[in-house]
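One structure is given here, and the rest of the page talks about it.
The values are calculated or read from the model by the stated rules, or taken from the named source; none is laboratory data. Keep in mind that this is a model prediction, so the values were computed, not measured. Cβ coordinates were reconstructed from backbone atoms using ideal geometry, including for glycine residues, and neighbour counts include every protein chain displayed. Only protein heavy atoms, including side chains, enter the accessible area calculation; ligands, DNA and RNA are left aside. Shrake-Rupley method; radii C 1.70, N 1.55, O 1.52, S 1.80 Å.
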Amino acid sequence: MAKLNAQATQQLVDIDSIRENVVILKGGALRSILLCSSVNLALKSQDEQDALIYQYQNFLNGLDFSIEFVVHSRKLDISEYITNVKENLESQKNELLRIQTEEYIEFIENFVSMQNIMAKSFYAIIPFSLTEDSKQGFFSKMLSPKTTSFKKMSDDEFIKYKNQLWQRVENVISGLRTVGVISEPLNDSELKELFFNIYNPGETGKEILNKS
């Protein structure tokens, strides 16, 4: 039954596969997703803010393709951090430091449990398809239940389209760098983890999805 439910869910997802750091949609379009750093304008002077906004406008005006920016919010998971602190605690021989570490662990766990602390990640989605469609964003399209006919592309076609997509990726990475934003493409495992988190917001921990 679980396998049948998984197959039914996959039919509603607009993603066909993930290959060589590229998301392939069921319609044959390609997407690259960049993880981006952030810039806090509030910490900048007025002149610095004006300069960054001007550079950002130039960056957007210089693009000849659509681009989507997404902020993904997820409840902060500190389980891995707490585990590391507890491991250090076991090797701590100083009794005073042991007591302080135990109190610190208890404080952090209680604080996070009582507060709705969110971790935010910033992404840029770069598209490529033979027929560009910018009416609907990638994430909104991905979360819209629908089916799409898909003709499998050959390896030669994939390489050709990926090279054209990567030209856009390099253009975006370079443009974002001018406004102080560092970005890099997600690899296959990072893409799978991202989509697992999107479709399973209540789950915690890293998951690797295998497409059957």
Using a 1.4 angstrom probe and counting only protein chains, how large is the accessible area of GLU157 in Å², to 10?
80
Can you send over the solvent-accessible area of ILE159, 1.4 Å probe, protein chains only, in Å² to the nearest 10?
90
Cβ-Cβ FRET estimate between MET118 and LEU96, R0 fixed at 41 Å, reported to 0.05
0.75
Per-residue SASA entry for THR131, accessible area with 1.4 Å probe, Å² rounded to 10
110
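Once fully extended, how much extra length lies between SER129 and LEU76, figured as 0.36 nm per residue of separation less the alpha-carbon to alpha-carbon distance?
Fully extending the segment from SER129 to LEU76 adds 15.6 nm.
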Label point at GLU106 placed 7 Å out along Cα→Cβ; residues across region 81-96 whose backbone nitrogen lies under 15 Å:
96
Quick one: ranking VAL71, VAL172 by accessible area, 1.4 Å probe, largest first, what do you get?
VAL71, VAL172
Row for region 44-108, column shape: gyration tensor on C-alpha, a ≥ b ≥ c, rounded if a/c < 1.5 i.e. under 1.5, prolate if a/b over b/c, else oblate; value prolate
Over region 1-124, what percent of the accessible surface lies on carbon and sulfur atoms, probe 1.4 Å?
52
